[in-house]
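The block underneath contains the structure these notes are about, expressed in C-alpha coordinates.
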Amino acid sequence: MTDETSTRRVEAVRDRYRSTLGAVPDGVRERLRLAQDFDRLPTEEAIAALRHIVLTDSPLGGRVQQLVHFGQLLALGRAHPARIHAQGALHAGAGIPDLIGVAETALITAGVPAYALGTEIIAELRQADGPEGR
(Lines give C-alpha, C1' and ligand atoms only; values in the text may rest on other atoms or scores of the structure.)
Protein backbone atom coordinates (compact mmCIF):
# COMPACT_ATOMS: atom_id res chain seq x y z
CA MET A 1 0.00 0.00 0.00
CA THR A 2 1.28 3.47 -0.79
CA ASP A 3 2.15 5.95 1.94
CA GLU A 4 -0.60 8.23 0.66
CA THR A 5 -3.22 5.48 0.90
CA SER A 6 -2.01 4.50 4.36
CA THR A 7 -2.09 8.11 5.55
CA ARG A 8 -5.62 8.58 4.20
CA ARG A 9 -6.81 5.40 5.94
CA VAL A 10 -5.23 6.44 9.25
CA GLU A 11 -6.86 9.86 9.01
CA ALA A 12 -10.25 8.20 8.39
CA VAL A 13 -9.83 6.20 11.61
CA ARG A 14 -8.83 9.36 13.51
CA ASP A 15 -11.94 11.10 12.15
CA ARG A 16 -14.16 8.36 13.61
CA TYR A 17 -12.68 8.94 17.06
CA ARG A 18 -13.00 12.70 16.69
CA SER A 19 -16.66 12.36 15.77
CA THR A 20 -17.54 10.24 18.82
CA LEU A 21 -15.09 11.50 21.44
CA GLY A 22 -14.14 14.94 20.20
CA ALA A 23 -10.46 13.96 20.06
CA VAL A 24 -8.14 11.08 19.29
CA PRO A 25 -6.94 9.46 22.54
CA ASP A 26 -3.17 9.11 22.95
CA GLY A 27 -3.42 5.31 23.09
CA VAL A 28 -5.23 5.27 19.75
CA ARG A 29 -2.56 7.48 18.21
CA GLU A 30 0.11 5.01 19.36
CA ARG A 31 -1.84 2.00 18.08
CA LEU A 32 -2.30 3.71 14.71
CA ARG A 33 1.44 4.38 14.44
CA LEU A 34 2.20 0.73 15.10
CA ALA A 35 -0.51 -0.43 12.73
CA GLN A 36 0.77 1.84 10.00
CA ASP A 37 4.42 0.92 10.56
CA PHE A 38 3.70 -2.82 10.48
CA ASP A 39 0.96 -2.88 7.85
CA ARG A 40 -1.81 -3.79 10.34
CA LEU A 41 -4.31 -1.02 9.58
CA PRO A 42 -7.21 -3.44 8.93
CA THR A 43 -7.27 -4.29 12.65
CA GLU A 44 -7.53 -0.65 13.72
CA GLU A 45 -10.08 0.08 10.99
CA ALA A 46 -12.23 -2.81 12.21
CA ILE A 47 -12.02 -1.65 15.84
CA ALA A 48 -12.88 1.93 14.87
CA ALA A 49 -15.79 0.77 12.70
CA LEU A 50 -17.26 -1.37 15.48
CA ARG A 51 -16.84 1.40 18.08
CA HIS A 52 -18.46 3.87 15.72
CA ILE A 53 -21.46 1.59 15.17
CA VAL A 54 -21.90 0.92 18.89
CA LEU A 55 -21.51 4.56 19.87
CA THR A 56 -23.45 6.24 17.06
CA ASP A 57 -25.97 3.72 15.78
CA SER A 58 -27.18 2.63 19.20
CA PRO A 59 -30.85 3.09 20.04
CA LEU A 60 -29.55 4.86 23.16
CA GLY A 61 -28.04 7.69 21.13
CA GLY A 62 -24.52 9.02 21.42
CA ARG A 63 -25.01 11.00 24.64
CA VAL A 64 -26.54 8.14 26.62
CA GLN A 65 -24.13 5.61 25.14
CA GLN A 66 -21.14 7.68 26.29
CA LEU A 67 -22.69 8.01 29.76
CA VAL A 68 -23.16 4.23 29.91
CA HIS A 69 -19.52 3.72 28.94
CA PHE A 70 -18.46 6.19 31.62
CA GLY A 71 -20.48 4.33 34.28
CA GLN A 72 -19.27 0.90 33.25
CA LEU A 73 -15.67 2.05 33.30
CA LEU A 74 -16.14 3.60 36.75
CA ALA A 75 -17.51 0.28 37.99
CA LEU A 76 -14.46 -1.48 36.55
CA GLY A 77 -12.11 1.07 38.10
CA ARG A 78 -10.65 1.97 34.70
CA ALA A 79 -9.68 5.61 35.26
CA HIS A 80 -8.09 6.52 31.93
CA PRO A 81 -10.84 5.18 29.65
CA ALA A 82 -13.49 6.55 32.05
CA ARG A 83 -11.95 10.01 31.55
CA ILE A 84 -12.08 9.58 27.79
CA HIS A 85 -15.76 8.61 27.85
CA ALA A 86 -16.69 11.35 30.32
CA GLN A 87 -15.19 13.83 27.87
CA GLY A 88 -16.97 11.98 25.04
CA ALA A 89 -20.26 12.34 26.91
CA LEU A 90 -19.72 16.09 27.21
CA HIS A 91 -18.86 16.19 23.50
CA ALA A 92 -22.13 14.34 22.77
CA GLY A 93 -24.20 16.88 24.70
CA ALA A 94 -24.20 15.61 28.28
CA GLY A 95 -23.62 18.02 31.13
CA ILE A 96 -21.82 17.85 34.44
CA PRO A 97 -25.12 16.97 36.22
CA ASP A 98 -25.44 13.92 33.92
CA LEU A 99 -21.93 12.78 34.85
CA ILE A 100 -22.73 13.27 38.54
CA GLY A 101 -25.84 11.11 38.12
CA VAL A 102 -23.73 8.36 36.57
CA ALA A 103 -21.17 8.58 39.39
CA GLU A 104 -23.99 8.34 41.94
CA THR A 105 -25.34 5.26 40.17
CA ALA A 106 -21.84 3.77 40.25
CA LEU A 107 -21.86 4.34 44.03
CA ILE A 108 -24.86 2.05 44.33
CA THR A 109 -23.69 -0.60 41.86
CA ALA A 110 -19.93 -0.61 42.47
CA GLY A 111 -19.30 1.18 45.76
CA VAL A 112 -17.44 4.19 47.06
CA PRO A 113 -14.27 3.62 44.98
CA ALA A 114 -16.26 3.92 41.74
CA TYR A 115 -18.06 7.01 43.03
CA ALA A 116 -14.79 8.59 44.18
CA LEU A 117 -13.21 7.95 40.79
CA GLY A 118 -16.23 9.47 39.06
CA THR A 119 -16.22 12.59 41.19
CA GLU A 120 -12.47 12.97 40.69
CA ILE A 121 -12.92 12.85 36.91
CA ILE A 122 -15.89 15.22 37.02
CA ALA A 123 -13.98 17.70 39.17
CA GLU A 124 -11.08 17.62 36.68
CA LEU A 125 -13.43 18.24 33.76
CA ARG A 126 -15.23 20.99 35.61
CA GLN A 127 -11.96 22.69 36.52
CA ALA A 128 -10.80 22.47 32.90
CA ASP A 129 -14.11 24.02 31.80
CA GLY A 130 -14.10 26.80 34.42
CA PRO A 131 -15.67 27.04 37.85
CA GLU A 132 -19.25 26.99 36.53
CA GLY A 133 -18.81 23.73 34.63
CA ARG A 134 -21.45 22.88 32.08
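The values are calculated or read from the model by the stated rules, or taken from the named source; none is laboratory data. Predicted, not measured: the structure shown is a model, and the values here were computed from it. Cβ sites come from the backbone with ideal geometry, for glycine too, and all protein chains shown count toward neighbours. Surface accessibility is based on the protein's heavy atoms, side chains included, excluding ligands, DNA and RNA. Shrake-Rupley method; radii C 1.70, N 1.55, O 1.52, S 1.80 Å.
Structure values in brief
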{"item": "Stokes-Einstein D for the chain, Kirkwood Rh over Cα pairs, 20 °C, 1.002 mPa s (µm²/s)", "result": "137 µm²/s"}
{"item": "Protein accessible area in segment 1-78, 1.4 Å probe - carbon and sulfur %", "result": "55 percent"}
{"item": "For segment 42-94, alpha-carbon Rg relative to the globular expectation (2.2 N^0.38 Å, N residues)", "result": "1.13"}
{"item": "In segment 46-115, trypsin sites (Lys or Arg not before Pro) in a DSSP loop with at most 15 other beta-carbon atoms within 10 Å", "result": "Arg78"}
{"item": "Stokes-Einstein translational diffusion, segment 18-66 - Kirkwood Rh over all Cα pairs, 1.306 mPa s, 10 °C, in µm²/s", "result": "136 µm²/s"}
{"item": "Charged-residue dipole, Cβ positions (Lys, Arg, Asp, Glu), the chain about Cα centre, Debye nearest 20", "result": "120 debye"}
{"item": "Å² per residue, accessible surface of segment 57-134 at 1.4 Å", "result": "53 Å²"}
{"item": "Charge dipole of the chain about the Cα centre (unit charges at C-beta), most positive-ward option of Ile108, Gln127, Leu76", "result": "Ile108"}
{"item": "Where labels lie 7 Å past Cα in the beta-carbon direction, separation of Thr7 and Asp129 in nm", "result": "3.6 nm"}
{"item": "Highest-fluctuation residue, Gly118, Gly62, Gly95 considered, GNM on the chain with Cα pairs under 10 Å", "result": "Gly95"}
{"item": "Fully extended contour minus Cα-Cα distance, from Arg18 to Leu76, at 0.36 nm per residue", "result": "18.4 nm"}
{"item": "Approximate spin-label separation Glu120-Ile100, in nm, with each point projected 7 Å along Cα-to-Cβ", "result": "2.0 nm"}
{"item": "Segment Glu30-Ala46, length gained on full extension (0.36 nm per residue, minus Cα span)", "result": "4.1 nm"}
{"item": "Most mobile of Ala79, Ala103, Ala114 in a GNM of the chain (Cα contacts under 10 Å)", "result": "Ala79"}
{"item": "Most mobile listed residue (Gln72, Gln36, Gln87) in the chain, GNM with C-alpha springs under 10 Å", "result": "Gln36"}
{"item": "Relative contact order for segment 11-133, counting Cα pairs under 8 Å that sit 6 or more residues apart, in percent", "result": "22 percent"}
{"item": "Relative contact order of segment 12-83, defined on C-alpha pairs under 8 angstrom at six or more residues apart (%)", "result": "23 percent"}
